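Here's the structure we're looking at; comments come further down.
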Amino acid sequence: FTSTYTNYLVVLTTSLSTDNYVYVRMRASGTDNSTSNYYSAMQYINYGTGAASVDCTTGGQTSFLRVFYPDAGSNLVTYAWTVASPQATAKTAMLGYGNRNNAAGVFSSGVFNDTTSFDSMSFNPLTGNLTGKVQVYGYGL
């Protein structure tokens, strides 16, 4: 992230070797920020039944944990997030959507509840291996 753009669209096309969360951390100068300032939630809507479920963190966490949960396997899963004002010395918010291979549409949100300027983000699986491609598009408003 640079000061050239205000907001960013981050698109992650990936596969994961195990069913589990992928946590997201904001970064500055090549270092993950692991302070307890992350809040996140996501909602799944099952393709087959239409049933919805909510998954959220309580209290400040050390990462955005509830924004990305792909299914294991070789099928690619795509998630996209709008990241609002990561370079500003202000709270950073994320709003996203995606799909799980065999289960549901996913909608997620998160906020980093501190005034920190960031230049990148990292994607880290709780278990297993994450492979894929990240695309980042900057835009100003």
Worksheet item: Only one of (1) free of Cβ contacts under 8 Å to residues at least 60 places away in the same chain; (2) in a strand (DSSP E or B) is not met by S34, so which one is it?
Response: (2)
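Every residue, every condition in (1) crowded, with 17+ Cβ neighbours inside 10 Å; (2) modelled with pLDDT of 95 or more; (3) within 19 Å of F118 (Cα to Cα), yes or no:
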position: L12; (1), (2), (3): yes, no, yes
position: S15; (1), (2), (3): yes, no, no
position: N20; (1), (2), (3): no, no, no
position: Y23; (1), (2), (3): yes, no, yes
position: T31; (1), (2), (3): no, yes, yes
position: S40; (1), (2), (3): yes, no, yes
position: Y44; (1), (2), (3): yes, no, no
position: Y47; (1), (2), (3): no, no, no
Worksheet item: Residues in region 54-71: is at least one among the small types (G, A, S), outside any loop (DSSP other than H, G, I, E, B) and either at pLDDT below 90 or exposed (fewer than 15 other Cβ atoms within 10 Å of the Cβ) (or both)?
Response: no
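The values are calculated or read from the model by the stated rules, or taken from the named source; none is laboratory data. Since the model is a prediction, treat every value here as computed from it, not as a measurement. Glycine also receives a Cβ, built like all others from the backbone with ideal geometry; neighbour counts cover every protein chain displayed.
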